[in-house]
Structures are given as C-alpha cells and as structure tokens.
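First up is the structure itself, then whatever we jot down about it.
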Amino acid sequence: MSDSRIDMLIKEKSNRQLTYGEIAQSSGLSLSTVQKVLEGKVASPRSETIEALESALFGDIHYSLMGQREISIGNQDFEAIVRNGYFYIDKTCFIRNWWESADVVTLITRPRRFGKTLNMSMLDYFFSNRHENSAELFEGLEIWKDEKYRTIQGRFPVLFISFAAVKGNNYDTARQQIIQEIVALYRSNDYLIHSEQVNDMDRQFWDMVGYDMNDATAASAIRYLCELMSRYYGSKVLVLLDEYDTPIHEAYTEGFWDQMTSFIRNLFNATFKTNPFLERAILTGITRVSKESIFSDLNNLKIDSMIGARYDKDFGFTEAEVRAALSAYGLSDQYEAVKEWYDGFRIGDSLDIYNPWSVTRYLDAGVLDNYWANTSENSMVEKLIREGGIDVKKDMESLLAGESVSALIDNEIVFDLIDRNESGIYSLLLAAGYLKAEQRQDDTPGVRKKFSMSLTNLEVKHVFEDMIKRWFEGDNVRYNDFIKALLLNDLKYMNRFMNEVAENTFSIFDSGSRPSVKTEPEKFYHGFVLGLIVELQDKYHVRSNRESGFGRYDVCLEPREPGMPAYILEFKVHDPDDEDSLEDTVQKALEQIREKNYDADLIARGVKKKDIHHYGFAFEGKKVLIG
C-alpha cells in the first residue's frame, strides 16, 4: 500500500513544484532520504518517513482535517460547519478564483451532491454585509492569508436564493414554489421598505409582491429588490442562485416545459441581463439548459462546465484531499478501494476528482456503499435510457462491460428535443456525473465535440445495474424465473416465462409519445440483453452482436468457469412473407447459428462444442416462441 502513498507524494511534489530541499526542510528528513524515497529507490520506506513526507506535502490540507472531526452529514451551512468544528475541506480559494475572473454572470454546472450549495453558502458568509462576526469564520483558512480579501470581506449586499425545493409536478405548483422563494427574500429584507430611500412608488410595487402576484411582477421582483438594496447600502448587489435548473428538470419530466421555461426566461432576463444594480452573480446547477430555452437574452453569461472548467478543483475532492482525509480518519489502507468506488470525475484539466458526498459518507460510516446513487434523482436518466434508441442500449452494453463508447457532446442541452437526440442524452449523462469524458476524438470547432466516454466509477456502475434490474421487477414479470429456466435448459418453462416477460415489459422500452410497432421487438431485445448482463455477470461474459465464424450472433453467454455450459441466442422477428409460422422463424434462427458457425469464437476460447447450447427466439408482436 506504501507504493500508492508514494505515488501520491510524487504527484503532489510535481503539482506544487517543490524541490527536494524544500521538502527536506519542512519534513525534518535528510535531503538524501527525501530524494531516495521520492525517486522510488527505497523498496519499503518506514511508515514514519512516509508520514513525515505526507505532513510536509499535504500540510495545508491536514490543517482543516486535524484529528477525526465530527462529520455533519447533509449540513450545507458554512457557518454551522466552521463554528462547530465539523469536518471540512478548505475550498475558500474558490472565492479568489471567482472574484478575479471578473465575470458578471457565471453559470457553474456540476453533478448533484458536489459541494455547490456549501460553496454558495461560503460565498454568502464571505461577501455579505449582514452576517455578524463572519470574518472569524475564515481565520486560518486559505483565503485569509491574502490581505486583499480581508479588506473586501463582508462589504456587499447579497441575495442568496435556492430553487432546490422547487419540485412541483405541475406548472401551477412549481410556479408557486418559486414565488414563495421570492417572497421569502422580501420577508428577510423587509427593513428596506422602512428606509428613507423608499418613496410611495416603491411601496406600491412592494405591496404588489406577494403569493398572488402576476408573472410581470414576479419577473421584476428580484431586480427591484436589488435596486432597493443598492440605494440603501450605496453598493451594487451580488446574487447567488443555487440549483437554478431543478424546476427545469421537473418541467421536462412532468410535461410543462414550455410554461416553466417562459416564466424563468423572463425572471432571468430582468435579474441578470437588464439589472443595473447587479454587481455579479453566480448560478449553479447540474446542466446548462439551452440558450434558446431560458438564456436567450443573456449575452453576458460565462459557463463553467465539466468539460470547460476554470474552477476544476473548487468542487469535489482532489486526490490529495482524499488522501489527507483518509489519513486523518485512520483509513489510509482503504485508498485503492475508495478510488475505485468514488474517483473518476474529470473536470476541465483535473483528471482525478472524487465524489465529495460519497467520500464524506464513507469517512463517517467506514463502509463502501452506493451513497451518491441513493441521493440522485435518476428518474429522467432512467426514462431516457429505457425509452432511448437501439444505439443507446448497445452503448450501455459496452459501458457495463467496462468498455468506452464514442459520443457527441453538446455544450448545452435542448431538453424538449433530448429524447430524439442521442448527443443530448450523453451530454446529460456527462453533466450529471454518470459518464466521464476520457479523450477528445476530434478537433472540429463547433457546438458538438466528440469524446471517448466511459462509466465514471464503480458506484455509478451499480446505479445503472440497479436501474436495469428495476425494468424487470414486479409481481407480473418473471425475468429471474426465465433465467433459471435458461440455465437449466428447460425449454417449456423458458417459453412460458419469456412470454410473460414480453407481455409485461414490451411497452416500457418505447416512448409513449412516439411508439413504434416496428422497433418494439428490437428495443425489447436490447433491454433484455442489458438484463442478462446485470443478472449473469458473476457467472458469464455476456456479449451481443459480435463477429464469430462467418457472421454476427445476437447474444453469446460465455462461462467464466471452465466446464459450465455456454449459450448462443439468435433473435428474429416473424416475417409472414417468408415464414408460415413462428416455428419456421425459430428454425431459421437455429439454421443461421449453424450455417454461420457462431460456435467458432467459443471453441477458440476453450469451450467444448458439447457444452454449447443454441436457442432461436421468434417474435410476433408480444408473442415469443423459443426453440
């Protein structure tokens, strides 16, 4: 395990551009010892030597991790975390990084549970002039080392609003939830209406803002509040909007997209575009919704996404931060397992970013589990994959097998076209953290870019496996019974259970808005293959549409252990012009397996011919015959 710790030390030395002499001075070790260890010339360095080097190289990170601090799960209030001494990894450099960018309106997109809300809370406590004694929260943190930022701390009026709770399943409810957030801003700033800078016209508009206000008043409400705050404080206002796209996702899923985007577009235009009282603003979310949908008037918007990121280390945990945290909690020996489960996010130029929610939950519980998956709202992703085209399901087969796929990625997501646009599906999966962009495959300028993509990590793989299992769950779906019958070569029960599976699951693989009788069997087939991959992965390598002999088989189950049976499955849709019955279609499928010599690949891999079983599947609508 010391090899991986030394690798981390070498990487950190390179990142910080430190000399051996500087490390020796800060670690208390001799120059020759430092040089030999970091050049890999010592086979098994003593643990105290490695610890001294870790202290020297990760000292700043250890400062905020000193001792096993209490972990406050789900706490996203910066003040509460710092004042109570809870576990916290210092991300205050984000304050400087953002402020020095000089961008007026910034949109930062990151996956769920990636520290967005905590960072927004941190900005609020740093810049806001309404938090008493907030300066002491930053003493000892990285930003406080910079004298320039001590002078601007607590100097600005700030409006901090979140759309995280806007999850109404119809337009009226979701709109009312946004109205309630705006009214809450007015309640918390009601001192403004009593100031000397307010006139009768101001009071008249203030009185119009309420739970029953119309769209025009709602659109201008935040801009107007900025005006009053600017007059009162003599300074322009910072606006922080967290989870801006939550109502957009709900609107897409529940079917009130046009109404919601129209309402939000007018609100954003007044708040972020035609607002002379705005100093700067940050919006955070998961996705960059297309400009035509809600950002059509915002020419001043700076995007910071998973692919193009200025703030690549400000959200999520870096490898060095995870290493330091594991060391602080006595879990350094679990580093490789934690990396497999929770690493893999690639943000801008940073290749090894960890899921902060999952790492924190692991530090608290000491158990590797699917923490992030249990918090994410996967309904939209599941719907897009389940109802997606055949190529999407084929790619899922490859991804679950640990392979990479090529995909076009859009800079922005057009939600109202996403179910007809595979690049939109992959762009959403990337933005939401389910896929990582491994390598750019073209240099063509334009909105779309081609990348090699793979599953982010083991935790994400489990998310998809659980998702696919749910497709075949339920009292009326006998999928597991079918698999048992298949492995027992019980043709009678295979037919019985397969027809029950088809009858109860065909419809879930086709979009209700664009159903297709022609593609329904093939979509079902690829969903069925994904189910086989998930259910049989411990016993079989499940491959589909691979070359063998003189053609391509549909599905091959290659045993992982010698001596176990192998299976080749060929699927065919009944053609009444060429075949009199489903029995004829089954025979045609079996003849194809024999004539194309699909056994060749299995035999070449050491499987005996007597252990290879052939099955032909014939489809006619939802009716299936296996032979």
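The values are calculated or read from the model by the stated rules, or taken from the named source; none is laboratory data. Bear in mind the structure is a predicted one, so any value in this text is a computation, not a measurement. Virtual Cβ from ideal backbone geometry, glycine too; neighbours counted across all protein chains shown. The area values use the complete protein model at the heavy-atom level, side chains included, leaving out ligands, DNA and RNA. Shrake-Rupley method; radii C 1.70, N 1.55, O 1.52, S 1.80 Å.
Within region 37-53, being in a helix (DSSP H, G or I) and surrounded by fewer than 16 Cβ atoms within 10 Å (Cβ to Cβ) holds for Ser47, Glu48, Glu51. Name every residue in region 364-395 that is modelled with pLDDT under 75, under 30 Å from Arg323 (Cα atoms) and of a type outside the set (Asp, Glu), in order of residue number. Listed by number, the residues that qualify are Ala373, Asn374, Thr375, Ser376, Asn378. Scanning region 328-363 for residues that are open to solvent by 40 Å² or more (accessible area, probe 1.4 Å) and at pLDDT below 95 yields Gly330, Asp333, Gln334, Glu336, Arg346, Asp349, Leu351, Asp352. When region 407-436 is limited to residues that are part of a helix (DSSP H, G or I) and of a type in the set (Ser, Thr, Tyr), the one that is surrounded by the fewest Cβ atoms within 10 Å (Cβ to Cβ) turns out to be Ser423. Taken over region 556-589, the criterion of being part of a helix (DSSP H, G or I) and under 20 Å from Leu532 (Cα atoms) is satisfied by Ala589 alone.
The residue of region 102-116 that is least open to solvent (accessible area, probe 1.4 Å), among those that are on the phi < 0 side of the Ramachandran plot and out of contact with any Phe, Trp or Tyr (no Cβ under 9 Å at 6 or more places or on another chain), is Thr109.
Test Leu487 against the criterion of being at pLDDT 85 or above and out of contact with any Ser or Thr (no Cβ under 9 Å at 6 or more places or on another chain), and give yes or no. So Leu487 fits the description; yes.
Between Asp601, Asp611, the distinction of being at pLDDT 90 or above, open to solvent by less than 70 Å² (accessible area, probe 1.4 Å) and of a type in the set (Asp, Glu) belongs to Asp611 only.
How many residues are under 24 Å from the mean Cα position of the chain (by Cα) and small (Gly, Ala, Ser) when one looks only at region 232-260? The number of residues fulfilling the criteria is 2. Does at least one position in region 277-288 carry a residue that is over 17 Å from Ser162 (Cβ atoms) and either open to solvent by less than 10 Å² (accessible area, probe 1.4 Å) or within 18 Å of the chain's Cα centre (by Cα) (or both)? So far as region 277-288 goes, yes, one or more of its residues are over 17 Å from Ser162 (Cβ atoms) and either open to solvent by less than 10 Å² (accessible area, probe 1.4 Å) or within 18 Å of the chain's Cα centre (by Cα) (or both).
Conditions tested, residue by residue: (1) free of Cβ contacts under 8 Å to residues at least 60 places away in the same chain; (2) closer than 16 Å to Asp77 by Cα; (3) open to solvent by 20 Å² or more (accessible area, probe 1.4 Å).
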position: His131; (1), (2), (3): yes, yes, yes
position: Phe138; (1), (2), (3): yes, yes, no
position: Asp146; (1), (2), (3): yes, no, yes
position: Ile161; (1), (2), (3): no, yes, no
position: Asn169; (1), (2), (3): no, no, yes
position: Arg175; (1), (2), (3): no, no, yes
position: Ile179; (1), (2), (3): yes, no, no
position: Ile182; (1), (2), (3): yes, no, no
position: Ser188; (1), (2), (3): yes, no, yes
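Residues of region 116-156 that are among the aromatic types (Phe, Trp, Tyr) and in a loop (DSSP other than H, G, I, E, B): Phe138 alone. The helices (runs of 4 or more DSSP H) located wholly in region 338-406 that include 1 or more residues which are within 15 Å of the chain's Cα centre (by Cα) occupy 356-365, 379-386. Can you pull out the residues in region 571-627 that are within 43 Å of the chain's Cα centre (by Cα), farther than 23 Å from Asn499 by Cβ and of a type outside the set (Asp, Glu)? If the condition is that a residue be within 43 Å of the chain's Cα centre (by Cα), farther than 23 Å from Asn499 by Cβ and of a type outside the set (Asp, Glu), then Lys596, Asn597, Tyr598, Ala600, Leu602, Ile603, Ala604, Arg605, Gly606, Val607, Ile612 are the ones that fit.
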